Amino acid sequence: MTSSLVSPRQAHRARGISIIGAGHVGLVTAACFAELGHRVTCMDIDANRINDLRHGVMPFHEPGLPELVERHAPERLTFTTEYEEAVRGADFVFLAVATPTTAFGTPDLQYVRAAARDVARAVNGKRPFLVSKSTAPVGITDTLESVLTSEANGHGPLQVVANPEFLREGTAVRDFLKPDRVVIGSPHAEASEAVGELYEPLGAPIIYTDIKTAEMVKYASNAFLATKISFINEIAEICERVGADVRDVARGMSLDKRIGKHFLNAGIGFGGSCLPKDVKALSHLAAVYGSHPQLLNAVLEINLEQRRRLIARLRDMLGSLRQAKIGLFGLAFKPETDDVRDAPALDLIRMLEYEEATIRACDPAAADAARIVFPTLHVEADPYEAAQDADAIIIATEWQQFKDIDLARLRQVMRTPIIADGRNVINGDEARRLGFVYFGIGLPDETTVRNARRVVA
Ligand SMILES: NC(=O)c1ccc[n+]([C@@H]2O[C@H](COP(=O)([O-])OP(=O)(O)OC[C@H]3O[C@@H](n4cnc5c(N)ncnc54)[C@H](O)[C@@H]3O)[C@@H](O)[C@H]2O)c1
């Protein structure tokens, strides 16, 4: 699948590239630059991860990535835990370390700063360009230049470039090799051009700009995508009240080219390692600069409310959630990944546990990741096992396996046949015909239609 995306011969000339951080962005970047013909060293402070990678064991589920790593390691792609080894002879050092959210909603920049410091100390001789792929608040990449200068090990300052990453987990390899655009921000023309050359074979538009603008493109893009989701979720709530079907509303809207069809699926909201954290970071940044980011705050509030509303509807149906048995279908924040960072399912688990419900979850890829957050979480490999004797099931992730669920079989194993479809993937008519009480997000059902009639009358 990945071999058809680009030809390894397309690289203008092989360059030495060091990637700091072997996570979702770093490892994909490393494997893809190797695919483009470069010599890549991928470095991480997590020795277990590096040891696994040297033995071909992937640290996370990402379609197409294992094949790329296998194709290029160890000839063009090597792994190390040592900064000196990573940086030695490199023309470019890419930072791809995490910028998670602190308790205050601000990005935690300790990893980025530590990585920049250790790169500066490790450079010896040849001076690489330092390219930041980590998503960090506007202005931070600029400040890395002073870290690099103050920590320099006898060498001159390194030229810094902001090169935000837009890949999506689940389609990361394809996104990297077939990007919609590449954004390169730097005051140094030589560095910008050199980084631009690396991406030229991909044939995507390249935007050259200053560092702050490049950082802002990333935040604004993610904030816009999150806004689309919260927008359609607000419309979904209105649809429920008036008895309209948000799926058709979204379809009708999306045929308008100005609107587009993406990110208009109503549901229990967005999650993952990027959208929630980046919207929070942008909102915080705006507030720090004296702005009042009302829209961003509403986007976050609506998102959390989606989870609360689903739980409230279930509670209303069951009378109480105390000791109710809930089958939770899906843990990953989206299909085709095992990433549970900020996953809607985790919020649902917290809410259900608070109300003393009993949860049996099921996810094709994310069980281990979820157990790191909830060590005692009961996870079944088989959805029918998770639904055994359940009072309700909740669909939290739209995995194909759940879309294809055999409703008749599901009906047989459940104690109370309620489906709370947080992703609108089940055929509600068929479910009702089989005796389920079914509700989705923004879909008309008997109660809402009855209520709407009362208001109109
Ligand atoms: N995950 C995505 O879909 C995505 C998409 C676009 C942008 N981003 C951004 O890219 C950045 C990286 O995200 P990610 O999802 O790849 O993170 P991740 O948590 O998957 O990986 C980060 C890696 O960095 C390593 N690390 C931490 N400190 C280090 C150090 N000092 N030296 C070397 N390695 C170190 C960690 O061990 C980990 O393996 C973040 O800023 C994120 O916001 C992520």
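Within the chain, DSSP assigns beta bridges of which about 5% are antiparallel (rounded to the nearest 5).
Remark: accessible surface ordering of I268, I302 (largest first) is I302, I268, probe radius 1.4 Å. Ellipticity at 222 nm from helices only: DSSP H runs of n ≥ 4 in the chain, each -39500 (n - 2.57), divided by the residue count, give -13500 deg cm²/dmol.
Residue ranking by accessible heavy-atom surface, 1.4 Å probe, largest first, among L410, L109 comes out as L109, L410.
For the set M58, M317, the ranking by accessible area, highest first and with no ligand, DNA or RNA atoms included, is M317, M58 under a 1.4 Å probe.
The solvent-accessible area of C239, taken with every protein chain present and a 1.4 Å probe, is close to 10 Å². Starting from one equal scatterer on each C-alpha and no solvent at all, send me the Debye-based log10 I(q)/I(0) for the chain at q = 0.11 Å⁻¹, two decimals. Values, matching the q order: -0.92. Look at where the Cα atoms of region 100-137 and of region 274-351 average out, and the two centres are 29 Å apart. Here the chain has 51 percent of its accessible surface on carbon and sulfur atoms, given a 1.4 Å probe and all protein chains in place. Cross-link check: pairs K133/K334; K212/K261; K178/K218; K126/K280; K280/K403 evaluated at a Cα-Cα cut-off of 28 Å; pairs beyond the cut-off: K212/K261; K126/K280; K280/K403. Multiplying the residue separation of S320 and D256 by 0.36 nm and removing their Cα-Cα distance gives an extension gain of 18.7 nm. Within a straight-line Cα-Cα reach of under 12 Å, K277 can be paired with the following aspartates and glutamates, leaving aside sequence neighbours fewer than 8 residues apart in one chain: D108, D342.
Set the Förster distance to 22 Å, then compute FRET efficiency between T171 and E301 from the Cβ-Cβ distance, nearest 0.05.
Numbers: r = 29 Å, r/R0 = 1.31.
E between T171 and E301, to the nearest 0.05, is 0.15.
Per-residue SASA remark: M253, around 40 Å² accessible (1.4 Å probe; ligands, DNA and RNA not included).
Sorted largest first, the spans of the alpha carbon positions of region 255-386 along the three principal axes are 48, 35, 32 Å.
Averaged per residue, what accessible surface does the chain expose to a 1.4 Å probe, in Å²?
Values: 20470 Å² over 457 residues.
With the other protein chains kept in place, the chain gives 45 Å² per residue.
Among the trypsin sites (Lys or Arg not before Pro) in region 70-135, those placed in a DSSP loop whose Cβ has at most 14 other Cβ atoms within 10 Å are K126.
Using the Cβ of N153 as centre and a radius below 13 Å, the other residues enclosed give a net charge of +2, where K and R count +1 and D and E count -1. Rolled with a 1.4 Å probe across the full set of protein chains, the surface gives H262 an accessible area near 120 Å².
The values are calculated or read from the model by the stated rules, or taken from the named source; none is laboratory data. Every value quoted in this text rests on a predicted model; they were computed, and no experiment measured them. Here Cβ is always computed from backbone atoms with ideal geometry, including for glycine, and neighbour counts include all displayed protein chains. The area values use the complete protein model at the heavy-atom level, side chains included, leaving out ligands, DNA and RNA. Shrake-Rupley method; radii C 1.70, N 1.55, O 1.52, S 1.80 Å.
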